[in-house]
Amino acid sequence: MNVLVFVKQVADTEARIIISSDQKSLEIENKYVVNFFDEFAVEEAIRVKEALKDVEITVCTFAPARATEALRTTIAMGADKAVRIDSSKFETDDPLIIARILAAYAKREGFDLILCGRQAMDDESANVGAMVAEFLNIPHVSQISRLSMLDPGRAEVENEIEGGKKVSEVALPALFTAQKGLNEPRVPLITGVMKAMKTEITVLDPASFETPFGAIDNGSSNIRVLSYELPAKRPSVRIIEGQTPRDKAKSLVKLLGDEAKVL
Amino acid sequence: MSKDVLVFIECKDSMPRKASLELLSAGRQIAAKFSSGLSAVLIGSGVKRAADVVNAYSDKTIVVDDEALTDYGWDTTSSVLQDIVKKYGPMIVLGTSSMTGKDLFPRLAVRFEAAMISDAVGFDFEGDGLKIKKPLYGGKVISWIAPGTDAMLMATFRPNSFAVSEPGQKGEIIEEQANIRKNPGIKVISFKKGESKKVDLQEADFIICGGRGMKAAEHFSLLEDIGDIMGGRVGASRTVVDSKWRDYDDQIGKSGKTVSPKLYIGCGISGALHHIMGMDTSKVIVAINKDPNAPIFQYADYGIVDDLFTVLPALKDELKESREES
Ligand SMILES: Cc1cc2nc3c(=O)[nH]c(=O)nc-3n(C[C@H](O)[C@H](O)[C@H](O)COP(=O)(O)OP(=O)(O)OC[C@H]3O[C@@H](n4cnc5c(N)ncnc54)[C@H](O)[C@@H]3O)c2cc1C
Ligand SMILES: Nc1ncnc2c1ncn2[C@@H]1O[C@H](COP(=O)(O)O)[C@@H](O)[C@H]1O
């Protein structure tokens with residue numbers, strides 16, 4: 001069975017982000033990690049492999065060269081193959097274009113199971129997974145918290161939806177997005193890290209393969225970022241003074257009503 | 001080209017969610033700017049009652065009421081919504097960035113090659129066009145994004161991004177027949193209804209959130225009491241969830257939920273960036289922490305430096321009193 005995992009390398013929470021003076025671009029401190037939710041996806045793929053044995057795991061990203069490090073992390077965890085579709089000639093953050101490219105790759109290779117993260121920590125868009133599934137015309141289930149493989153070619157998944165928890169049986173090929181709680185991602189062992197250093201990472205030029213799902217060139221995006229800005233800063237905190245906790249609580253409630261007008 | 005606006009309405013207990021009414025209020029401003037029409041679409045089972053509420057905010061309320069739509073599924077719901085969008089031809093389709101919205105809109109956006117902008121918090125006009133405000137990197141940066149002029153825009157917004165306007169003149173209600181397409185690959189085995197909380201965490205106007213400083217699961221009853229008085233909800237930091245004092249459903253932050261209530265009160269929370277990312281778009285932030293150097297005070301509007309176990313009982317009484325007065 002072939003399992004494909006989409007991973008994105010994203011800026012670490014602590015990374016400094018500077019907005020250019022013309023507000024048109026961002027400069028991100030070189031501190032990148034594998035997207036938080038994608039680690040659950042990689043871990044789950046490895047668990048499927050451990051359970052079923054005859055499984056090959058491919059990890060794929062659409063990213064510039066810096067993401068090689070993220071791919072190596074996933075190999076060190078236990079993925080078999082890593083592919084980087086080079087994004088350096090693209091300017092797009094458009095999820096539709098990214099999904100077109102990733103779906104084209106998935107279609108070309110053919111996979112039984114595709115896993116990705118619930119959402120990327122940088123754009124917080126939660127679009128790419130379901131979009132890829134739509135292009136491939138396969139079912140998806142969002143935010144899964146449990147996966148078990150059934151024979152033949154079916155999986156049972158649990159996910160949270162509005163109002164409760166749902167268990168579904170899904171015919172493969174299918175795509176699932178990983179929610180926290182699906183598993184505990186493993187920390188790579190030294191042997192895994194050594195293997196990852198030696199593993200060759202395939203680099204693909206998107207221009208070199210067919211993109212049956214629509215245009216991917218720079219002009220084809222339907223969205224354009226006009227500008228970036230810092231969030232409005234809050235005035236510095238007002239510490240509520242008072243002799244006793246009761247005095248403080250009293251003053252706070254008064255301020256919330258009269259000044260902040262939120263009561 | 002006319003830029004009609006269509007709002008996808010979500011219901012809870014057969015009534016429209018507040019977040020959906022917020023979208024209608026925003027949609028009204030957009031439609032006014034473009035001199036276009038505002039429609040709402042209700043898809044589900046037993047949703048006709050909701051139409052009478054929605055009606056007061058939209059020109060047209062399209063109702064697709066069918067028993068086969070009782071339980072949400074992206075396959076069935078998107079097939080109906082797709083037909084409605086085709087038939088009515090809006091250029092702007094708005095939804096909530098709820099679990100449903102996040103599951104549904106991307107699939108639909110592909111079918112219409114739409115400009116998809118999700119998890120937005122506001123909009124503005126630039127020249128003749130619309131631009132959408134969307135936080136990135138956990139709120140560290142705000143971006144303004146414009147959809148292409150000829151493209152259909154599909155945008156989902158966080159609850160509490162807009163105020164609900166006063167209801168207006170009643171619009172028209174149109175009932176449509178559904179041609180529901182189910183995906184044969186998915187079979188629902190079971191659905192376990194969660195405990196029906198009064199309001200959803202992401203929709204709540206008031207959130208009181210507990211951190212490790214709460215010390216134990218049983219102390220959260222203090223927060224529950226205050227939440228009840230205020231008609232709000234209790235949230236938790238990850239540490240609290242990891243300690244199994246509260247469910248993961250209640251977690252606020254980078255790896256939990258993003259909330260923006262009118263009033264957020266953090267109790268015994270240090271203010272790690274991972275937590276801040278989930279709540280810093282709240283209108284007013286209050287922190288109660290005994291450590292004056294706790295980072296959360298850098299993000300708060302009001303702070304109390306004291307032991308939360310002495311402050312909270314007093315706060316509960318004061319809030320109760322102020323509620324009773326108003
Ligand atoms: C990848 C990743 C994702 C994460 N995602 C999240 C997330 O989604 N949400 C989240 O919350 N965290 C998240 N975290 C964890 C985050 O970094 C912090 O560890 C966590 O938020 C700390 O929780 P806390 O504030 O409850 O506990 P602490 O940091 O331990 O703070 C406890 C606070 O309580 C105060 N206190 C103690 N006793 C009292 C008292 N009696 N009265 C008043 N104050 C008192 C202390 O002064 C202290 O400031 C994530 C971390 C990582 C690495
Ligand atoms: N450029 C990318 N390369 C590979 N996978 C991606 C990329 N962008 C998004 N994904 C995957 O899609 C998920 C959702 O991303 P997003 O829609 O950007 O929030 C992520 O968790 C990844 O698994």
> Given (1) of a type in the set (Lys, Arg); (2) closer than 29 Å to B:Gly271 by Cα; (3) surrounded by fewer than 23 Cβ atoms within 10 Å (Cβ to Cβ), where does B:Lys102 come up short, assuming only one miss?
Replying inline: (3)
> Within the bounds of the range B:170-183, is there any residue that is within 21 Å of B:Ser98 (Cα to Cα) and modelled with pLDDT under 95?
Replying inline: no
> A:Asn2 is checked against (1) of a type in the set (S, T, N, Q); (2) modelled with pLDDT of 95 or more; (3) within 17 Å of the chain's Cα centre (by Cα) and fails just one. What number does that condition carry?
Replying inline: (3)
> Does the range A:221-232 include one or more residues that are over 30 Å from B:Met154 (Cβ atoms) and open to solvent by less than 80 Å² (accessible area, probe 1.4 Å)?
Replying inline: no
> So which strands (runs of 3 or more DSSP E) stay within the range B:26-112 end to end and still have 2 or more residues that are farther than 29 Å from B:Val259 by Cβ and among the hydrophobic types (A, V, I, L, M, F, W, C)?
Replying inline: B:60-65
>> Just to be sure I understand the filter: pairs with C-beta atoms under 9 Å, separated by 6 or more residues or on different chains, first member in the range A:207-222 and at pLDDT below 85, second member assigned to a loop (DSSP other than H, G, I, E, B). Which pairs pass?
In response: A:Asn218/A:Lys89; A:Asn218/A:Phe90; A:Asn218/A:Glu91; A:Asn218/A:Thr92
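Please verify whether the range B:63-80 includes one or more residues that are farther than 28 Å from A:Asn137 by Cβ and either open to solvent by 10 Å² or more (accessible area, probe 1.4 Å) or within 14 Å of chain A (Cβ to nearest Cβ) (or both).
Checked against the condition, which is being farther than 28 Å from A:Asn137 by Cβ and either open to solvent by 10 Å² or more (accessible area, probe 1.4 Å) or within 14 Å of chain A (Cβ to nearest Cβ) (or both), the range B:63-80 yields at least one hit.
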>> So, A:Ala155, is that one free of Cβ contacts under 8 Å to residues at least 60 places away in the same chain, farther than 23 Å from B:Ala109 by Cβ and buried (at least 19 other Cβ atoms within 10 Å of the Cβ) or not?
In response: yes
>> Here's a check for you: in the range A:6-50, which residue that is acidic (Asp, Glu) and within 16 Å of ligand 1 (Cβ to nearest atom) is surrounded by the most Cβ atoms within 10 Å (Cβ to Cβ)?
In response: A:Asp38
> Do we have any residue at all in the range B:148-163 that's at the interface with another protein chain (Cβ under 7 Å from one of its Cβ atoms) and not β-branched (Val, Ile, Thr)?
Replying inline: yes
> Within the range A:140-163, restricting attention to residues that are assigned to a loop (DSSP other than H, G, I, E, B) and touching a Ser or Thr at 6+ places or on another chain (Cβ under 9 Å), which residue is farthest from A:Ile98 (Cα to Cα)?
Replying inline: A:Gly163
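Residue by residue through the range A:175-195, note down the ones that are open to solvent by 50 Å² or more (accessible area, probe 1.4 Å), part of a loop (DSSP other than H, G, I, E, B) and among the basic types (Lys, Arg).
Residues of the range A:175-195 that are open to solvent by 50 Å² or more (accessible area, probe 1.4 Å), as a first pass: A:181, A:184, A:186-187, A:189-191, A:193-195.
When the remaining residues are screened for being part of a loop (DSSP other than H, G, I, E, B), the result is A:181, A:184, A:186-187, A:189.
Within the range A:175-195, just A:Arg186 meets the criteria.
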>> Need the failing condition index for A:Glu169 against (1) more than 16 Å from ligand 1 (Cβ to nearest atom); (2) under 17 Å from the mean Cα position of the chain (by Cα); (3) within 8 Å of chain B (Cβ to nearest Cβ), just the number.
In response: (2)
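For the range A:25-39, state whether one or more residues are polar (S, T, N, Q), within 16 Å of ligand 2 (Cβ to nearest atom) and in a strand (DSSP E or B).
The answer is no; no qualifying residue exists.
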> How many residues are away from ligand 2 (no atom under 16 Å from the Cβ) and open to solvent by less than 10 Å² (accessible area, probe 1.4 Å) when one looks only at the range B:266-296?
Replying inline: 13
> Do we find that A:Gly117 is surrounded by 24 or more Cβ atoms within 10 Å (Cβ to Cβ), within 16 Å of ligand 1 (Cβ to nearest atom) and within 13 Å of chain B (Cβ to nearest Cβ) in this structure?
Replying inline: yes
>> Being closer than 17 Å to B:Ile304 by Cα and either at pLDDT below 95 or facing chain B (nearest Cβ under 8 Å) (or both) is the filter here; which residues of the range A:245-263 pass it?
In response: A:Pro245, A:Arg246, A:Lys248, A:Ala249, A:Lys250, A:Leu252, A:Val253, A:Leu255, A:Leu256, A:Gly257, A:Ala260
>> Need the failing condition index for A:Ile201 against (1) within 11 Å of chain B (Cβ to nearest Cβ); (2) modelled with pLDDT of 95 or more, just the number.
In response: (1)
>> So, in the range A:120-166, exactly how many residues are modelled with pLDDT under 95, within 30 Å of A:Asp12 (Cβ to Cβ), in contact with a helix residue (DSSP H, G or I) (Cβ under 7 Å, 6 or more places away or on another chain) and more than 16 Å from ligand 1 (Cβ to nearest atom)?
In response: 1
>> Looking only at residues that are within 8 Å of chain B (Cβ to nearest Cβ) and outside any loop (DSSP other than H, G, I, E, B) in the range A:212-238, which one is nearest to A:Asn137 (Cα to Cα)?
In response: A:Ile223
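The values are calculated or read from the model by the stated rules, or taken from the named source; none is laboratory data. Source: prediction; values computed, not measured. Here the Cβ is made from the backbone with ideal geometry for all residues, glycine too, and neighbour counts use every protein chain on show. For the accessible areas, the whole protein counts, side chains as well, though only heavy atoms, and no ligand, DNA or RNA atoms are used. Shrake-Rupley method; radii C 1.70, N 1.55, O 1.52, S 1.80 Å.
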